[in-house]
Amino acid sequence: MCGRYGFVPGEDFYPRYNITNRLETLSASYNVAPGYSMPVVVRENPNLVYLMRWGLIPFWAKDIKIGYKMINARAETVEEKSAFRKPFESRRCLIPASGFYEWKKTGNEKIPFYIKRKDNGLFSFAGLYDVWTDVEGKEIKSYTIITTKPNKLIESIHNRMPVILKKEEENHWIDSINQNIEKIKELLAPYPDGEFEAYPVTRAVNNPENDSPDLIKPGKPGWQPQKNYSNSKNIIT
């Protein structure tokens with residue numbers, strides 16, 4: 001699964017995704033957790049970015065809490081699950097990221113690893129989104145990250161990895177007019193080896209309240225934090 005990631009937008013975020021609107025705030029987050037509201041890119045002629053809640057809430061859901069069970073969608077079954085079937089057809093999105101975390105089980109321990117591009121550039125998870133309306137009529141946009149089997153880099157750490165799109169695949173993925181589902185499904189493959197690297201990081205990342213650049217610094221496997229990494233940049237809804 002993919003249960004935690006980082007987002008450091010940089011100055012080129014908006015041109016990188018050909019986004020025409022602007023968010024009121026665009027902050028870095030080094031420890032994005034389920035339930036947080038993060039930038040998501042959609043195609044609405046042209047590309048737009050919205051803050052959406054991580055953990056897809058199907059439009060038919062009765063309780064918002066179902067989103068915590070919907071942070072990931074498996075590529076192998078995304079067409080079959082009632083929560084994901086319709087979004088897969090017409091509500092595909094890009095989730096910008098600068099890295100993600102996976103935990104490697106070693107004996108009785110789980111060691112956090114950070115995985116990022118070697119050039120430190122932004123990349124995109126393949127995502128789905130939906131719009132849910134609460135009892136007061138308020139609309140909440142939410143999203144899920146699609147996962148697949150791991151590539152060679154990730155398989156030594158975890159048995160799943162998020163679907164990462166090549167840059168040239170991104171427009172194809174979010175094109176809602178493109179209804180060739182078989183072609184779309186071909187994009188749900190492990191990212192090729194070579195462009196990413198992985199290394200162990202502090203266990204401070206285990207606490208979603210911690211959010212600091214120190215979380216993504218390389219360290220010895222399982223090393224413990226020596227200070228509090230907490231800040232308040234994450235947006236929790």
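Here is how the numbers come out for the structure above:
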read-out: Label-to-label distance, nm, for residues given as K217 and K152 (7 Å Cα→Cβ offset); value: 3.2
read-out: Region 122-178 shape via C-alpha gyration tensor axes, a/c threshold 1.5; value: oblate
read-out: Size of charge dipole - the chain - debye, nearest 20, with Cβ of Lys, Arg +1 and Asp, Glu -1, no other charges; value: 600
read-out: Residue (of N180, N151, P162) at the positive-pole extreme of region 118-201, dipole from beta-carbon charges; value: N151
read-out: Estimated distance in nm for a label pair at N171 and D134, the labels positioned 7 Å out from Cα along Cα-to-Cβ; value: 3.8
read-out: Global form of region 1-155, assessed from the alpha-carbon gyration tensor, a/c cut-off 1.5; value: oblate
read-out: Extension gain, A28 back to Q179 (0.36 nm per residue minus Cα-Cα distance, nm); value: 51.0 nm
read-out: Relative contact order computed over the chain (Cα-Cα under 8 Å; 6+ residues apart), in percent; value: 22
read-out: Overall form of region 113-223 per C-alpha gyration tensor (a/c, 1.5; a/b vs b/c); value: oblate
read-out: Dipole magnitude of region 1-111 about its Cα centre (Cβ charges: Lys, Arg +1; Asp, Glu -1), debye to nearest 20; value: 360
read-out: Amide H contacts of F7 (H built 1.01 Å from N, under 5 Å, at least 5 apart or other chain); value: S29, Y30, N31, V32, S98
read-out: Full-extension gain in nm, N120 to Y68, via 0.36 nm per residue minus C-alpha separation; value: 15.8 nm
read-out: Under-5 Å amide H pairs with R74, H placed in peptide plane, nonlocal only; value: T147
read-out: Long pairs among K86/K116; K105/K149; K86/K138; K152/K217; K62/K110; K81/K105, criterion Cα-Cα beyond 25 Å; value: K86/K116; K62/K110; K81/K105
read-out: HN-Hα J in Hz across region 212-217 - Karplus 6.51, -1.76, 1.60, θ = phi - 60°, x for Gly and Pro; value: 7, x, 5, 5, 9, 6
read-out: Estimated [θ] at 222 nm from DSSP helical runs (n ≥ 4, -39500 (n - 2.57)) normalised by residues in the chain, nearest 500; value: -2000 deg cm²/dmol
read-out: Relative contact order [Cα under 8 Å, 6+ residues apart], region 84-196, whole percent; value: 28
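Each value in this text was obtained by applying a stated rule to the coordinates, not by laboratory testing. From a predicted model like this one, the values you see are computed outputs, not experimental measurements. Note: ideal-geometry Cβ built from the backbone for every residue, glycine included; neighbour counts use all protein chains shown.
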